[in-house]
Amino acid sequence: MNTGKWTAAVMAGLMLGPAMCLTPAMPGEVPALSVAQAAERQVTAVVDSRVKKVVKKRHVTTYPSIRQALAGMAGQKADSYLLQLKPGTYREKVTIALPNLTMIGEDAATTCIVWNDAEGTPLRPGDTHPSGKATYTMECATVKITSAAKNFQAVNLTFANDFPTEARRADKTMKAVQAFAVTDEADRSSFYQCRFLGRQDTLYANAGRQYYRDCYIEGDVDFIFGQAPAAVFESCEIRSLARAVKQDGKAHSMGYVTAPSTLAQDKGYLFYRCHLTSDIPAPHYAMLGRPWHPSSEQREVSSAAAFRECQIDTPIKEKAWNSMKNKYGVFQPEDNRLYEYRNTGRGALTGGNRRQLTDAEAEQFTPAAFLGDWKPARRA
């Protein structure tokens, strides 16, 4: 498991807040890449926040922003696209619709894409709402990877949403404080050594097969959620953040790692050999998740998440899964597919509502079984 460095980075201050994304005084050059040249035609571009205008040199164009780079690349027909991000903090809201796109940074600790919208954020100039009536955003993700972006891959990048969730919870000026770092709806999307920083609803893993390897994902409430038919998190650090709760001397839940809304025929989320950590103080605790059944979903939902061979150092009790309701009723964990298998660590208890897979059942809870004929591979 390659997770220790993420904890060290967080403890060093690479979390939400003023110093969340650190930029070195003299950014280094993006190293030479080893990219599989499966396609005959590949468009390569560079993004560098230090440049003031678009610069073309030989066959590579350097852009000052990610949005400009994506627009420029979209105008060029190719079989694949490679976008190199120089170290820096890119404060912009990005939508990705290019297929076969690889985005790579030198180091996730120094290459950060960040924005600060929540679902209750008033529309900004140029924003629209699907209904044409509402005055708040429904597309709050810093980076949205659409269904058109098949085979998307990100390496060595941080995706962050630094909306001040705790402050807005405290002053109650906004009802909707969900603030996504990433919305992912692309089939065969993969992430290597990336960080996802946020609070509530950090990672919206909502459609297509998805793979996360050696990543760091943090948040407090439902911070990995959605309807992806198969999403595998392998050797990742999953960090539950402390949040304000009643100070009455009692133990309180500080939130939920997952809120899957898996369709009945799909597999859902698999956390395979991950490390669950937290900064939650005693006597408080976190929960592994709750079954989200969107009231607008007409298809049958059977929320699915499994934690297999994980080291659980987050404080979690025997009741690790909670119920969740919508306007039609209350949905209980035992009526959904929420499991564990051979976990270790102080939070790896048994009993309560922590259903354990049998050895025979566990054969279907592997990355290969979840992803089927797709075998993810790092391209850069």
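The values are calculated or read from the model by the stated rules, or taken from the named source; none is laboratory data. If you're wondering where the values come from, they're calculated on a predicted model, not measured in any experiment. Please note: Cβ atoms are built from the backbone with ideal geometry, for glycine as well, and neighbour counts cover all protein chains shown. These accessible areas exclude ligands, DNA and RNA; they are computed on the full protein's heavy atoms, side chains included. Shrake-Rupley method; radii C 1.70, N 1.55, O 1.52, S 1.80 Å.
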Residue-normalised value, i.e. accessible area per residue, for the chain at 1.4 Å probe, in Å², stands at 44 Å²
Of Asn326, Asn343, Asn353, the most mobile residue in a GNM of the chain (C-alpha springs, cutoff 10 Å) is Asn326
At the level of C-alpha centres, the distance separating region 310-352 and region 89-123, in angstrom, is 31 Å
Counting only DSSP loop positions in region 317-361, the GluC sites (Glu not before Pro) whose Cβ has at most 13 other Cβ atoms within 10 Å are Glu318
If exposed means trypsin sites (Lys or Arg not before Pro) lying in a DSSP loop and surrounded by at most 11 other beta carbons within 10 Å, then the longest stretch of the chain lacking such sites spans residues 176-245
Of the listed pairs Lys93/Lys317; Lys52/Lys175; Lys86/Lys175; Lys144/Lys175; Lys267/Lys319, those with alpha carbons more than 31 Å apart are Lys93/Lys317; Lys52/Lys175; Lys86/Lys175
Each label sits 7 Å from Cα toward the beta-carbon; between Arg378 and Asn326 the label points are separated, in nm, by 3.8 nm
Taking every alpha carbon pair in region 218-324 and sorting the distances into 10 angstrom bins from 0 up to the bin holding the longest one, the percent per bin comes out as 15, 46, 29, 9, 0
For the chain the mean separation of alpha carbon contacts under 8 Å (6+ apart) over residue count, i.e. relative contact order in percent, is 11 percent
Length gained, Lys317-Asp171, 0.36 nm per residue minus C-alpha separation, equals 49.5 nm
On the accessible surface of the chain, probed at 1.4 Å with all protein chains in place, carbon and sulfur together account for a percent value of 50 percent
